[in-house]
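> The structure that follows is given in the form of C-alpha cells.
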Amino acid sequence: MDKQKDKVAPSRSIGSYPFAEIESKWQKRWDEQKLFRAPDFPTNPYYVLVMFAYPSGDIHMGHFRNYIVGDAIARWKMMQGHQVLHPFGWDAFGLPAEQAAIKRKLHPRDWTLNNIEMSRDTLKKVGISFDWDREVASCLPDYYKWTQWMFIKLFENGLAYRKEASVNWCSTCNTVLANEQVDSEGRCWRCEGTVTKKKLEQWFFKITAYAERLYRDIDTLPGWLESVRMMQRNWIGRSEGCRIDFTIAETGERLPIFTTRPDTVFGVTFMAIAPESDTVSRLPIPESKKAEIAAYIQRSISKSELERTMGSDEKDGVFTGCYATNPFSGEKVQLWIADYVLASYGSGTVMGVPAHDQRDFLFAKKYGIPLRVVIHPQGGQLQGSELQQAYADFGVMVNSAGFDGKAGEDAITAVTDYAAAHGIGGREINYRLRDWLVSRQRYWGCPIPIIHCPHCGPVAERIDNLPVMLPDVKDYIPKGRSPLADVPEYTNVRCPKCGGSAERDPDTMDTFVCSSWYLFRYTDSKNSEQPFAPEKAKAWLPVDIYIGGTHEHATGHLLYYRFFTKFLKDIGYLTIDEPAVRLLNHGMVLDAIGTPMSKSAGNVVSPLDVMASKGVDTTRLAMHFAAPCGKEVLWSEDGIVGVDRLVQRMYRLALVHSRDHGTREQTSYKRSDVNEETWKTYVRLNQTVKKVTEDLDKLQFNTCIAAIMEFLNDLGELDGSVPRFHAFAIQKLTQLLAPLTPHLSEEIWEMFGHAESVFKSHWPDHDSEAIEDDSITIAIQINGKLRATITVPRGSQPQLVAATARAIEPVQKHLQGREILKEIIVPGKLVNFVVR
RNA sequence: GCGAAAGUGGCGGAACUGGUAUACGCGCUGGACUUAGGAUCCAGUGGCUUCGGCCGUAGGGGUUCGAGUCCCCUCUUUCGCACCA
C-alpha cells in the first residue's frame, strides 16, 4: 500500500489555512454563544486572572504574551470541566490621560474611554476568552464609587489617617509618591525624575498594622515565585530586637532606641538622632550650639536620599551639647545628630556602639569618640586600640557588669529580659515597611471621599452619597496642588456630621488603590449595592492563578492587594487570607538579539502586524514555542516558520481526513483492532496526550508544542491501512492544541462534524492500556561509556538482557581480553559492564 | 559588598528521583516534485578523526560503575538587597 503520509496530492488544489475568515467566524460565534460567560455560583470554579491593563490604545508583545498565557490556561481548565472565571478590565485612572488631555485638548475621560474601545477591539481580535460581561473600568463612577467605599471603610476602622510627614515628592509629576513608587536610587517609578522630600499633610493607609500578617503569610504562598516572596520579605523588613529606654540626661525624658544587639549595650559611647526626628526639637540644646545644629539639619534634609546613601563610608553629624544616660550602666554619653540615622525607622534614635557596629565605628573614628569592647569572639580577645573595623559577630559579653560571660543568643535574651523586668524596655519587633501614602495632587484619579469640617475634623462622605463624582475642570495641568481645589462647586460642601460649611478634600487617590480590589469586583461587577456580594466572592476566590509582570509589582501592587484582602476579610467581606494561590510571571519580550523592545531602540514589533500576516494562532504558537513562559523570550520572525508549518499541516490533514469520517466516535483502540504499526502509533498518541497534559499543568507550553510536533512526525510515517485512525488521531490533537490554537481547533473540530465547541468537549484522557511501548531500547555501556544499544521486549529478564548484551559484536570487541568486575543493571534502562 | 538564580550546537531551547546529552523548531547541506519556489516532501547536520575511535553541557577539581544533573573552588550573566540600628 502506498504510503499516504499526510501529503495531499495535488497539493495546489488545497489552499493554505485561511486564518482571517476562520478567526472572525469563531470570534463572532464565541461572542454570540457567550461561551466564556462565567456563572455567579460555580460548582467547580477556576479563577484565571491577568493583571488589568492601562488602556493605552494598543497592545504590545508583552501584553499579548500575558493574555495568551492566561487564555491557554482558561481554555484548558474549561475543557477539564471547570467553570472558569477569566475577566478583564481597565486600570483607567492615571497620569498619561492628563498628559494626553493637555497635549491633544481632549478630556481625560474621552481620551481614556476611546482608548478602552480600541484596546477592547484589539483584544477581541486576539480571541482571548474573556468574560466581557464582567468588564470593569476603574475610572467609571460605578467602579470608583466602591473605591471610595474602601477608603471610607479603612477610615472608619482607623486605617486611613492624615498626618504631616516628610514625604516623597516628584517635581516632574507634581505629586507625592508612596515609598513603593520610588526606586532604590531615589527616582520616580513613572518618570524617573529625582524624588525629593517635602513636609506635607497627606492621607495614609495603615498597612503597617498588617505588617506581621503580611510577613508571616508569605510562608503560605508556595505558588509564588521565591524571588517575589523574598522581595516582599525584604520590603516589610521584619526585625526582632529589643527596646532600651535611655534618658536625656538634662531633662530625664525617655529616649527609647531599638536594637537587635542589646548584648552590646555596655559598649555604648554615644547616641545619635536622625536630623528629621521630632526628638530633636525637645532637646535642651545650648544656645551656643543652636545655629550650627540648625544648619546641619537643613543641610541633611535638603540632600536627596541618593546623596545620603551614597558613599556610605562617610558618616557625618553634629554634637548637640546634650547627653544621654545609659540605663544599664548609668553612664552619660554624648548625644549627636547624624544623618546616617533614619527618622522613619524604629524611634529615629540609635545607640552608638563603635566596637561592634561598623557604621558607629566609622562615625566614632571620624569624631574621635571613644570605643569600648564588650564582646569577645568565642575563645578570643579583642584589643580596642587595634580594631580596624567593628567586630559585629556574636560573642561573649565582657565589661558588662553582671552579664559577663553570656554569649550569643543567650546574651541577647538575658539583656532583653532584664530590660523588660526593670521597665526600661523589652522585646520589640520593628518593620521597615511604612504606611502607604495614598493622596495624589492630580486630577485624573478617584476623588477622596472625605470632607474637612472646621468643627468635626475629617468626616467621611455618607455612603449613600457615593460616588463623589469627579467634576469637570478647565485645567488639568498639575501645579503641585490638586486641580480639584480650584473648583468651588466641588470643594464647598456641608459637613455630613454637623451641617456646617466645610471643604471637600481636593486630592485624588493613588491608582494602586483602584487595583487593590478589582479582582473581587469581577465576581460581582454589576452590583450597585455593595462592592461585591460576599457570597459571590466566596464562590470564586481565591484566584487560582494570577499572571502578569510580577517583578515590577513585587513590592507595590502585590503587597497592596494582599493588604486589602486581609482588611476585607477582617470586616467580613472575604473569607480568604490571601488573594491568589499561584503567581505567574510572564517573562519579558525582547528582540531577536536580546534587547528589550522600546520605541527609542526602534525594535518594537507589534503583535497586530504579525497577526495580520500569519494569523493569531500562528502568532500565539510562535510566542509559546519560543521559550518557557516564565522566561524572557527573544522574538524573531524566524521562529514563526516552524509553528506556521504545524498550523498548515494540521489544517491540511483535517481537510483530507475529515472528508468522510463524520462524527463517528471511536473512543479507544484495542491491540486486536489494528495492525502493529498502527498500534505503535496509537501508543505514541496516548503518550502524547499524557505528556501534553502534564506539561500544561506545569505551564510548559513550549514542550507541549514539541510533543505534538513529534507525534505529527510519527503519524506521517503511518500508512492509512486502518480506516479512520488518522481521523481519530487528528481529533485528539485538535483538542490538545485547542488551548494554544483556539480558532484552528474550533474549525477542525467542526470539520469533523462536531456540533458543539471544542471547548465544550472533554479534555482527552490517555488510554492506560496503551501507554507503554512493547519493546524498549537498552543502553549498553562499558565502563560507563555507551558502546551499543539493544532493543528488547518490555519486561525482559534483566539477566537475560545482560547476557544478550554481552553476546553482541560491538560489546564482544570491547570485552576481549578483559575481566568483567561487575555488571550494573538498571532494568528497562541500561546495562553497564565494569571491566579491567 | 551581601544574597539568590542561571551558564547546554550556528540560533531559540529539551533532558523525570544521577542512567543513551543536544528532543522539538529555526538555520544550513544535499535530493525529490516543479515553469518557478520564500510551497511541500525526503535525507543529513556538536567538534575532531589515522574511520579504530577520541573530545564534548562556562573553567578547574571531587564523589560515583555512571554526572548537564550531586559536592568544592573560579569566572561570567541576570535579578534582588545595600546605612533598617
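The values are calculated or read from the model by the stated rules, or taken from the named source; none is laboratory data. None of the values given here were measured: they were computed from a predicted structure. Positions of Cβ are backbone-derived with ideal geometry, glycine not excepted, and every protein chain shown enters the neighbour counts. For accessibility, only protein heavy atoms count, side chains too; no ligands or nucleic acids. Shrake-Rupley method; radii C 1.70, N 1.55, O 1.52, S 1.80 Å.
> For the stretch A:645-660, name all the residues that are closer than 17 Å to A:Ala707 by Cα and open to solvent by less than 30 Å² (accessible area, probe 1.4 Å).
Hits for the stretch A:645-660 are A:Leu646, A:Val647, A:Met650.
> Against the condition under 26 Å from A:Ile708 (Cβ atoms), open to solvent by less than 30 Å² (accessible area, probe 1.4 Å), in contact with a strand residue (DSSP E or B) (Cβ under 6 Å, 6 or more places away or on another chain) and modelled with pLDDT of 90 or more, how does A:Leu584 come out, does it pass?
Values: under 26 Å from A:Ile708 (Cβ atoms): yes; open to solvent by less than 30 Å² (accessible area, probe 1.4 Å): yes; in contact with a strand residue (DSSP E or B) (Cβ under 6 Å, 6 or more places away or on another chain): yes; modelled with pLDDT of 90 or more: yes.
So A:Leu584 passes the test.
> Which pairs turn up if I take residues in the stretch A:92-111 that are at positive phi and in the same structural domain as A:Leu470 (by TED's automatic domain parsing) and look for partners that are assigned to a helix (DSSP H, G or I) and not basic (Lys, Arg) with beta carbon separation below 7 Å, at least 6 apart in sequence or on another chain?
none
> Do we have any residue at all in the stretch A:649-671 that's modelled with pLDDT of 90 or more, of a type in the set (Val, Ile, Thr) and assigned by TED's automatic domain parsing to the domain that holds A:Trp763?
no
> Against the conditions (1) among the small types (Gly, Ala, Ser); (2) over 19 Å from A:Ala707 (Cβ atoms); (3) in contact with a helix residue (DSSP H, G or I) (Cβ under 7 Å, 6 or more places away or on another chain), where does A:Ala627 fall short? Just the number, please.
Only one criterion in (1) among the small types (Gly, Ala, Ser); (2) over 19 Å from A:Ala707 (Cβ atoms); (3) in contact with a helix residue (DSSP H, G or I) (Cβ under 7 Å, 6 or more places away or on another chain) is unmet by A:Ala627, namely (2).
> Here's a check for you: in the stretch A:240-280, which residue that is among the acidic types (Asp, Glu) and closer than 21 Å to A:Ser400 by Cα is surrounded by the most Cβ atoms within 10 Å (Cβ to Cβ)?
Taking the stretch A:240-280 and keeping what is among the acidic types (Asp, Glu), we get A:240, A:245, A:250, A:253, A:263, A:276, A:278.
Right, trim to closer than 21 Å to A:Ser400 by Cα and you get A:245, A:263.
On the way: A:Asp245: 17, A:Asp263: 30.
Per the stated criteria, the residue is A:Asp263.
Listed here are the residues, each with its yes/no results for (1) under 25 Å from A:Phe130 (Cα atoms); (2) open to solvent by 20 Å² or more (accessible area, probe 1.4 Å); (3) not charged (D, E, K, R).
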| position | (1), (2), (3) |
| --- | --- |
| A:Arg684 | no, yes, no |
| A:Leu696 | yes, no, yes |
| A:Gly716 | no, no, yes |
| A:Ser721 | no, yes, yes |
| A:Arg724 | no, yes, no |
| A:Ala729 | no, no, yes |
| A:Gln735 | yes, no, yes |
| A:Pro739 | yes, no, yes |
| A:Glu750 | yes, yes, no |
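> Would you pick out the residues in the stretch A:810-825 that are at pLDDT below 85 and near RNA strand B (Cβ under 10 Å from one of its atoms)?
A:Pro810, A:Lys813, A:His814
> Out of the stretch A:563-582, which residues are in a helix (DSSP H, G or I), within 25 Å of A:Asp133 (Cβ to Cβ) and under 17 Å from the mean Cα position of the chain (by Cα)?
Scanning the stretch A:563-582 gives A:Phe564, A:Thr565.
> List every residue pair whose Cβ atoms sit under 6 Å apart, with the two residues 6 or more apart in sequence or on different chains, where the first one lies in the stretch A:29-45 and is assigned to a loop (DSSP other than H, G, I, E, B) and the second, anywhere, is of a type in the set (D, E, K, R) and open to solvent by less than 90 Å² (accessible area, probe 1.4 Å).
Close Cβ pairs satisfying both conditions: A:Phe36/A:Asp131; A:Arg37/A:Asp131; A:Arg37/A:Asp133; A:Ala38/A:Asp131; A:Asp40/A:Lys536.
> Which pairs turn up if I take residues in the stretch A:599-628 that are open to solvent by 30 Å² or more (accessible area, probe 1.4 Å) and look for partners that are within 15 Å of RNA strand B (Cβ to nearest atom) and polar (S, T, N, Q) with beta carbon separation below 7 Å, at least 6 apart in sequence or on another chain?
Going by the 7 Å Cβ cut-off, the qualifying pairs are A:Ala601/A:Thr595; A:Val604/A:Ser598; A:Phe625/A:Asn702; A:Pro628/A:Gln700; A:Pro628/A:Asn702.
> Just to be sure I understand, how many residues within the stretch A:314-345 are part of a strand (DSSP E or B) and either aromatic (Phe, Trp, Tyr) or within 8 Å of RNA strand B (Cβ to nearest atom) (or both)?
Count: 3.
> Quick one: in the stretch A:492-524, of everything that is in contact with a Cys (Cβ under 7 Å, 6 or more places away or on another chain) and free of Cβ contacts under 8 Å to residues at least 60 places away in the same chain, which residue is farthest from A:Leu541 (Cα to Cα)?
Result: A:Gly500.
> Suppose the filter is closer than 22 Å to A:Thr681 by Cβ and not assigned by TED's automatic domain parsing to the domain that holds A:Leu830; does A:Pro742 pass it?
no
> Same structure, new question: Output the residues belonging to the stretch A:337-353 that are on the phi < 0 side of the Ramachandran plot, in contact with a helix residue (DSSP H, G or I) (Cβ under 8 Å, 6 or more places away or on another chain) and open to solvent by less than 30 Å² (accessible area, probe 1.4 Å).
Selection gives A:Ile337, A:Ala338, A:Asp339, A:Thr349, A:Met351, A:Gly352, A:Val353.
> Collect the residues in the stretch A:545-562 that are part of a helix (DSSP H, G or I), farther than 15 Å from A:Phe520 by Cα and of a type outside the set (A, V, I, L, M), keeping them in residue-number order. Can you show your working first?
Applying the first criterion (part of a helix (DSSP H, G or I)) to the stretch A:545-562 yields A:550-553, A:557-562.
Those left that are additionally farther than 15 Å from A:Phe520 by Cα: A:550-553, A:559.
A:Thr550, A:His551, A:Glu552, A:His553, listed by residue number.
> Determine, yes or no, whether A:Glu307 is open to solvent by 60 Å² or more (accessible area, probe 1.4 Å) and assigned to a strand (DSSP E or B). It would help to see each step written out before you state the result.
On the way: open to solvent by 60 Å² or more (accessible area, probe 1.4 Å): yes; assigned to a strand (DSSP E or B): no.
Judged against the criteria, A:Glu307 is not a match.
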